[in-house]
1. Can you pull out every residue in segment 46-78 that is surrounded by 20 or more Cβ atoms within 10 Å (Cβ to Cβ), under 18 Å from the mean Cα position of the chain (by Cα) and assigned to a helix (DSSP H, G or I)?
2. Considering only residues that are crowded, with 24+ Cβ neighbours inside 10 Å and among the polar types (S, T, N, Q), look in segment 276-314 and name the one that is farthest from Pro373 (Cα to Cα).
3. Go through segment 85-114 and count every residue that is part of a strand (DSSP E or B), in contact (Cβ under 8 Å) with a residue 60 or more places away in the chain and under 24 Å from Val159 (Cα atoms).
4. Any residue in segment 36-56 that is hydrophobic (A, V, I, L, M, F, W, C), free of Cβ contacts under 8 Å to residues at least 40 places away in the same chain and not assigned by TED's automatic domain parsing to the domain that holds Gln143?
5. Please indicate, with yes or no, whether at least one residue in segment 53-69 is out of contact with any helix residue (DSSP H, G or I) (no Cβ under 7 Å at 6 or more places or on another chain) and at pLDDT below 95.
6. Which ones in segment 79-128 are small (Gly, Ala, Ser), surrounded by fewer than 14 Cβ atoms within 10 Å (Cβ to Cβ) and over 21 Å from Thr162 (Cβ atoms)?
7. For segment 258-267, check the following and say yes or no: at least one residue is surrounded by fewer than 24 Cβ atoms within 10 Å (Cβ to Cβ) and either among the hydroxyl-bearing types (Ser, Thr, Tyr) or part of a loop (DSSP other than H, G, I, E, B) (or both).
8. Determine which single condition Gln180 fails, assuming it passes every other condition in (1) of a type outside the set (D, E, K, R); (2) touching a Gly at 6+ places or on another chain (Cβ under 7 Å); (3) exposed (fewer than 14 other Cβ atoms within 10 Å of the Cβ).
Amino acid sequence: MKKILAAFALLTISVYSFGQDINKLISQADVERVIKTLAADDMQGRGTFTPGIEKAASFIESEYKQAGLLPFQGDDGYRQNFTMTRVTPIKTFVNINGKLIAADSVFVNTSASSLNWTNNTDVEIVKLNAGKNFRTEYMGYIQSGKKLLILVDPQFTSVFNTLKDRSKKGTVSSKTNENQALVFVLGNHDDLKSFDVSYTGKLEQLPLFNVVGMIPGKTKPNEYVIFSGHYDHLGIIKPVQGDSIANGADDDASGTTAVIELAKYFKKIHNNARTLVFVAFTAEEIGEFGSQHFAKTIDPDKVAAMFNIEMIGKPSKWGEMSAFITGFDRSDFGTILQKNLEDTFFKFYPDPYPDQNLFYRSDNASLAAVGVPAHTISTDKIDIDKLYHTVKDEVSTLDMANITSAIRAIALSSRTIVSGKDTPKRVAKLEK
């Protein structure tokens, strides 16, 4: 009864200048159909470079076609194709002080097909000591452009093992870089006097594809509003109780479902002043490569706003009828959205998890980096979400009413941006 009343509280004020009843145009039954399809076992977790992600892309394409979307500018169809370089490890040997390090205590992150390091190689030795923030340090290493031998304190054994297992699937990059490589070694090696590293990897050029559709603007066709989510997930991972499929129902089948439902909604009401672009991004989980590619194909100065939707499957920390917006203070995007919902009970809040650095952990970051008011909308309790990146992130754990009300709220809150009345302030470009 509580959920029914909550949904009614929003939707009693659902007939706006659009002249349409959003209850009928965005139905919970269709939301459930779409998300169940995307998160089904036969999608095999939608892992990048797998048959599962191909199947997911085909499904999204069929939904776009049925909705009547047009392909994005310059594309023949809904797929925005590009390629990436993947280097998969074949052999790795690391010796420290003449002693071979156990294979389960080493992993390599590089786009080079081989490494041969000795004491005479221009390599920087780094110690990841206990007490440091692993995520912050790790991102710093990746962005450093250096050759680093990183000695990892045993305190980080759990996250080290997670990254080591992920590294077995290979390092993906836009191009090879022989001058950068990260070699991680677990253990205390305070007495390091000598080292040598030998690494061989298999280099491949592999296809990737975002799925993009659009509705041309009626009066401001050269101004864009983007609605996005990522349709990839982890694929097949280490089994837990016999289950090895990371279905990614919340992360991010829920966001991709929102993109599809919003596309149908705006196509039906057919009164958008600005051009609307609906993007299902690939390869978010391995480095936001899909959104990085997309950002190169559109003039950022023409993008009025980006609504990136990530994990809306369960009530937020404030309960039902609420969501948070990352980077709330970086523009007036959130203020505009909330103003458009003032006659409802739905509430947008600033990101309550600043220590998680969520603004730069999803696909909005690729557009925000070039100045677009690009923000992620989410309801996930990321600080306590035990299902995140596990095989337990399944449809059965989701709250379909919460997903549906969030999608409807995004549709209604975006209306003055879609109509061209409001334009959020630009965010500060990311300094490089």
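The values are calculated or read from the model by the stated rules, or taken from the named source; none is laboratory data. A quick note: this is a predicted structure, and the numbers were derived from the prediction, not measured. Reconstructed Cβ throughout: ideal geometry from the backbone, glycine too, with neighbour counts over all protein chains shown.
1. Result: Arg46, Gly52, Ile53, Ala56, Ala57, Ile60.
2. Taking the candidates together, the pick is Thr282.
3. Number of matching residues: 16.
4. The initial filter retains those residues of segment 36-56 that are hydrophobic (A, V, I, L, M, F, W, C), namely 38-40, 43, 49, 53, 56.
Remaining after also requiring free of Cβ contacts under 8 Å to residues at least 40 places away in the same chain: none.
No.
5. no
6. Of everything in segment 79-128, just one residue is small (Gly, Ala, Ser), surrounded by fewer than 14 Cβ atoms within 10 Å (Cβ to Cβ) and over 21 Å from Thr162 (Cβ atoms), namely Gly98.
7. yes
8. (3)
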